[in-house]
Amino acid sequence: MQHVLGLDHVVILVRNLDDADARMEGLGFRPTPRGVHSAHMGTANATVVLQNGTYIETLTVLQATPANEDIRSVLAEREGLFGLVLKTDDAHGAAEAFEAAGIATGGALAFVRPVALPNGTEDACFTIARTRGDATPGAWLFVCQHHTPDIVWREDYLAQPNGAAGIAEAIGIADDLMAIEDAYGVIFGERCRRTADRVTIAAGDASITFLAPSAFVERFGAVGGPVSSPRPRLAALRIRVHDLDKARATLERNHVPCSEGSGRSVLVAPDQVCGTLLELAP
């Protein structure tokens with residue numbers, strides 16, 4: 001699908017944005033001011049914008065609407081990483097491709113989010129195209145065309161206190177890796193590859209990885225919590241940092257428990273990160 005490009009951002013679903021902001025700040029991130037989406041979306045968010053053109057979005061529901069039914073169903077069970085958002089140069093073209101593959105939820109959808117800037121409020125404008133939930137097991141996936149990228153990746157919020165530079169990997173857990181390969185292969189084609197214990201999807205400068213439960217435990221140990229689940233799910237996020245010692249010192253200064261990961265990384269348990277295991281690595 002030629003209009004499905006690299007990873008744009010990930011979505012962490014939260015029940016309370018004030019609590020999420022406080023947790024993100026404790027981790028050494030600097031969330032942008034609150035944004036409220038168009039009324040038909042019924043959602044609000046904050047973002048952590050990163051220098052490599054990716055960002056982390058914490059998202060909550062303000063008002064039940066048909067557009068946020070999937071979000072509400074997940075939040076009824078848990079908070080945590082749920083959305084994979086890919087860049088696109090043509091959301092309408094991506095929507096047509098999803099429709100042709102039989103995985104679309106409808107056509108492209110436009111919406112805005114007012115952003116408070118030093119010189120006044122401006123609208124960040126987007127067009128997205130979504131896939132059906134059952135077409136991407138374990139994740140909510142859509143493409144996003146940014147019409148005002150300078151408003152989203154605002155210069156005054158790019159520098160993160162923990163030295164975060166960009167999203168490197170979104171990681172999920174799945175028992176049936178063949179089903180993951182079959183589903184995501186429809187969208188990513190040869191960029192989606194399966195080996196014995198994982199499915200890896202190339203998404204620009206980042207990757208999306210679904211691990212078998214045993215491989216998840218081997219990589220993260222007990223930090224990730226229980227790995228058994230009746231359905232595949234996204235579970236962890238690896239963030240590239242400029243200086244790991246600086247990132248570790250930021251966590252220690254903010255009294256956030258952390259541990260050493262395999263290789264050279266720092267791990268923060270899901271109960272500190274809105275239900276998402278966080279790995280910080282150079």
Quick check: from the Cα gyration tensor, does the stretch 1-81 come out rounded (a/c under 1.5), prolate or oblate?
oblate
Calculate, in nm to one decimal, what Asp175 and Glu260 gain on full extension: separation in residues at 0.36 nm each, minus their alpha carbon distance.
28.0 nm
For Val74 and Ala222 in the same chain, what is the full-extension length gain: residue separation times 0.36 nm, less their Cα-Cα distance, in nm?
50.9 nm
For the chain, what proportion of DSSP beta bridges, expressed in % and rounded to the nearest 5, is antiparallel?
70 percent
Fewest-first sequence of His3, His255, His92 by Cβ atoms within 10 Å of each Cβ
His255, His92, His3
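What does the charge count near Ser38 come to, summing +1 for each Lys or Arg and -1 for each Asp or Glu among other residues with Cβ under 14 Å from its Cβ?
Summing Lys/Arg as +1 and Asp/Glu as -1 gives 0.
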Note on the chain: contact order normalised by length, alpha-carbon pairs under 8 Å, 6 or more apart, percent, works out to 20 percent
I need Leu17, Leu277 ordered by Cβ neighbour count within 10 Å, fewest first.
Leu17, Leu277
Gain upon complete extension [Leu117, Val36; 0.36 nm per residue less C-alpha separation]:
27.7 nm
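Once the Cβ-Cβ distance between Asp89 and Ala64 is put in as r, and R0 is 30 Å, what FRET efficiency do you end up with, to the nearest 0.05?
Numbers: r = 33 Å, r/R0 = 1.09.
For R0 = 30 Å, the calculated efficiency reads 0.40.
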Would you work out if the stretch 231-282 is rounded, prolate or oblate? Take a ≥ b ≥ c from the square roots of the eigenvalues of the alpha-carbon gyration tensor; rounded if a/c is under 1.5, else prolate when a/b is larger than b/c, oblate otherwise.
oblate
Furthest towards positive pole of dipole, Ser265, Ala39, Met24, structure part the chain, Cβ charges:
Ser265
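Per DSSP H run of at least 4 residues, take -39500 (n - 2.57); add these up for the chain, divide by its residues and hand me the 222 nm value, nearest 500 deg cm²/dmol.
-6000 deg cm²/dmol
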For the stretch 7-157, percent of DSSP beta bridges that are antiparallel (nearest 5) comes out at 75 percent
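Which order do peptides 43-52, 245-254 fall in by mean Cβ count within 10 Å, highest first? Before the final figure, lay out the partial values.
Working: 43-52: 21.2, 245-254: 16.3.
The peptides rank, most packed first, as 43-52, 245-254.
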Glu218: net charge of surrounding residues, Cβ under 13 Å, Lys/Arg +1, Asp/Glu -1, itself excluded?
+1
How big is the charge dipole of the stretch 1-59 about its Cα centre, in debye rounded to the nearest 20, if each Lys and Arg gets +1 on its Cβ and each Asp and Glu gets -1 on its Cβ?
20 debye
Taking the stretch 7-157 and dividing mean pair separation by its residue count, relative contact order in percent (alpha carbons under 8 Å, at least six apart):
24 percent
Please sort 4-16, 117-129, 169-181, 152-164 by packing, taking for each peptide the average over its residues of neighbouring beta carbons within 10 angstrom, highest first.
4-16, 169-181, 152-164, 117-129
Would you work out if the stretch 1-46 is rounded, prolate or oblate? Take a ≥ b ≥ c from the square roots of the eigenvalues of the alpha-carbon gyration tensor; rounded if a/c is under 1.5, else prolate when a/b is larger than b/c, oblate otherwise.
oblate
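Please identify the GluC sites (Glu not before Pro) of the stretch 28-77 that satisfy two criteria: DSSP loop assignment and at most 13 other Cβ atoms within 10 Å. Which are they? Don't skip to the answer; put the middle values down first.
On the way: sites: Glu57, Glu69, Glu77; in loops: Glu77.
Answer in residue order: Glu77.
Every read-out reported here was derived from the displayed coordinates using simple, explicitly stated rules and does not represent laboratory data. What you are looking at is a predicted structure, and each value in this text was computed from that prediction instead of being measured. Using ideal geometry, Cβ is built from the backbone for each residue, glycine included, and neighbour counts are taken over all protein chains shown.
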